[in-house]
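> For reference, the structure I am asking about is given below.
The values are calculated or read from the model by the stated rules, or taken from the named source; none is laboratory data. In this text the structure is predicted, and so the values were computed from the model without any measurement. Cβ coordinates were reconstructed from backbone atoms using ideal geometry, including for glycine residues, and neighbour counts include every protein chain displayed. When the accessible area is computed, the model is the full protein with side chains, heavy atoms only, and any ligands, DNA or RNA have been set aside. Shrake-Rupley method; radii C 1.70, N 1.55, O 1.52, S 1.80 Å.
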Amino acid sequence: MTAKDAAHTLLHIEFSGESMAVSGIRIGVDLGGTKIEALAMDAAGSELARIRVATPKNDYPGTVDAIAALVHQIETQLGTTATVGVGIPGTIPQETGLVKNANSTWLNGRPFDKDLSHALNRKVRCANDANCLAVSEATDGAAAGYAAVFAVILGTGCGGGIAWDGRVHNGPNGVAGEWGHNPLPWPRAEELPGPPCYCGKSGCIETWISGTGFANDYLRVTGKTLSAPEILVEAERGEQNALAAVERYEDRLARALAHAVNMLDPDVIVLGGGMSKTARLYKTIPPLLPQWVFGGSCTTPLLAAKHGDSSGVRGAAWLWPQR
């Protein structure tokens with residue numbers, strides 16, 4: 001039997017009108033701008049298989065087909081069928097059922113979850129990639145045991161996601177947690193009006209605290225082009241311009257996170273993405289938060305994602321929680 005035939009003969013049982021694979025195996029897919037990664041886990045969260053392929057850029061049918069092929073390949077390898085969850089660089093609001101806000105722009109305006117469900121002949125669950133990070137860390141990561149989790153991706157861009165009791169909180173507009181597209185709070189004179197953002201506005205939090213924003217800030221001040229990792233290396237060596245850039249970054253990140261605390265007051269904040277690997281953030285940011293949080297105190301733990309770069313794909317798999 002081919003993988004495609006196996007998908008069409010999926011054995012399932014019904015839960016609230018949605019199918020859950022009998023095997024208990026979950027497949028998570030992380031749809032990125034340059035790569036698609038698929039991961040299979042058992043009921044305990046142990047990894048069973050992992051495959052990566054290049055993302056077919058600007059090719060919507062090719063993207064759907066590539067994900068379906070990855071799922072079929074893993075199911076053939078494991079000899080079973082599975083539930084499928086997908087983390088996407090955008091969101092699917094309830095009102096339209098069409099992808100929006102995806103920086104992989106060929107997804108925008110498309111009924112991605114429906115098309116992929118049709119290709120796989122089963123219900124597929126999709127969520128924003130930052131929400132997948134939140135679910136992953138809330139389920140069996142750094143935030144396990146916490147009810148309200150705010151997760152942040154500090155990478156090329158800046159995403160935020162919310163998990164309540166291990167489940168995605170998406171909101172009717174599909175933008176819950178997208179605090180990166182609010183303006184940087186309590187801006188200083190030199191921060192106004194702020195850098196232009198791809199969303200069409202200026203001064204968004206993302207333009208300051210993403211890895212890209214950090215590197216751009218260094219360039220504006222010094223006239224030198226360095227990547228975020230290169231600036232951090234220079235700061236560790238004690239180079240003054242790099243150290244000053246890191247301190248500006250920490251001040252802005254503290255203000256941005258205080259804004260989230262004032263809105264949500266989560267039980268924990270988890271950081272993922274490249275900038276989250278900066279160890280000093282977990283020492284320098286917490287003491288800065290109280291001056292910006294309403295009331296002058298803040299005890300919210302700030303933790304690094306336990307599963308690192310795998311959190312997104314694991315969270316996608318956990319979009320099908322244990323019943």
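> Taking every Cα atom in the chain, find the radius of gyration and the maximum pairwise distance Dmax, and write them in Å.
My reading of the Cα-based Rg and Dmax gives 20.2, 66 Å.
> Within the stretch 173-206, find all residues whose amide N lies under 20 Å from a label point positioned 7 Å from the Cα of GLU95 along Cα-to-beta-carbon.
Output list for this probe position: 173-182, 199-201.
> Carbon-plus-sulfur fraction of the accessible area of the chain, 1.4 Å probe, in percent? Write down the numbers at each step before the final one.
Values: 7670 of 14280 Å².
Carbon and sulfur: 54 percent of the exposed surface of the chain.
> Next question, about the same structure. Quickly estimate the mean residue ellipticity at 222 nm for the chain, helices only: each DSSP H run with n ≥ 4 gives -39500 (n - 2.57), and the total goes over all residues, rounded to 500. Intermediate values should be presented prior to the final figure.
On the way: 10 runs with 111 residues, N = 323.
Taking each H run of at least 4 residues, the total per residue is -10500 deg cm²/dmol.
> Once the Cβ-Cβ distance between ASN216 and ARG50 is put in as r, and R0 is 51 Å, what FRET efficiency do you end up with, to the nearest 0.05?
Efficiency at R0 = 51 Å is approximately 0.95.
> For the pair ASN173/ALA279, report the inter-label distance in nm, with labels modelled 7 Å from Cα in the Cβ direction.
Reported label-point gap for ASN173 and ALA279 is 4.1 nm.
> Also: With a 1.4 Å probe and all protein chains left in place, how much accessible area per residue does the chain have, in Å²? Before the final figure, lay out each step's value.
Numbers: 14280 Å² over 323 residues.
I get 44 Å² per residue for the chain.
> Right, next: Just need the relative contact order of the stretch 77-195 here, percent rounded to a whole number, with Cα pairs under 8 Å and 6+ apart.
Answer for the stretch 77-195 is 21 percent.
> Suppose we flag chymotrypsin sites (Phe, Trp or Tyr not before Pro) only when DSSP calls them loop and at most 14 other Cβ atoms lie within 10 Å. Which is the longest uninterrupted stretch of the chain?
With a cap of 14 other Cβ atoms within 10 Å, the longest stretch comes to 1-197.
> To the nearest 20 debye, what is the magnitude of the charge dipole of the stretch 58-183 about its Cα centre, counting +1 on the Cβ of each Lys and Arg and -1 on the Cβ of each Asp and Glu? Don't skip to the answer; put the middle values down first.
Numbers: 7 positive and 11 negative charges, 44 e Å.
Roughly 220 debye for the stretch 58-183.
> What is the gain in length, in nm to one decimal, between THR34 and TRP186 on full extension, counting 0.36 nm per residue of separation less the C-alpha to C-alpha distance? Show your work: numbers first, answer last.
Values: separation 152, 0.36 × 152 = 54.72 nm, distance 3.50 nm.
Result for the pair: 51.2 nm of gain on full extension.
> Suppose every Lys and Arg Cβ carries +1 and every Asp and Glu Cβ carries -1, with no other charges. What dipole size does the chain come out with about its Cα centre, to the nearest 20 debye? Write out the running numbers ahead of the final one.
Details: 27 positive and 32 negative charges, 38 e Å.
Rounded to the nearest 20 debye, it is 180 debye.
> So, one more: Pick out which of GLY90, GLY33, GLY180 has the largest mean-square fluctuation in a Gaussian network model of the chain, springs linking Cα atoms closer than 10 Å.
Among GLY90, GLY33, GLY180, the largest mean-square fluctuation in the Gaussian network model of the chain belongs to GLY33.
> Taking the Cα centre of the stretch 240-323 as origin, sum charge times position over the Cβ atoms of Lys and Arg (+1) and Asp and Glu (-1), and report the length of that vector in debye to the nearest 20.
On the way: 9 positive and 6 negative charges, 46 e Å.
The dipole of the stretch 240-323 has a size of about 220 debye.
> Same structure again: Loop-only GluC sites (Glu not before Pro) in the stretch 226-288, please: DSSP not H, G, I, E or B, and at most 15 other Cβ atoms within 10 Å. If you can, show how the numbers build up before the last one.
Details: sites: GLU230, GLU234, GLU236, GLU239, GLU247, GLU250; in loops: GLU239.
When the GluC sites (Glu not before Pro) of the stretch 226-288 are filtered for loop state and at most 15 Cβ neighbours within 10 Å, GLU239 remain.
> Calculate the length of the line joining the C-alpha centroid of the stretch 78-115 to that of the stretch 130-153, in whole Å.
For the stretch 78-115 versus the stretch 130-153, the Cα centre distance is 20 Å.
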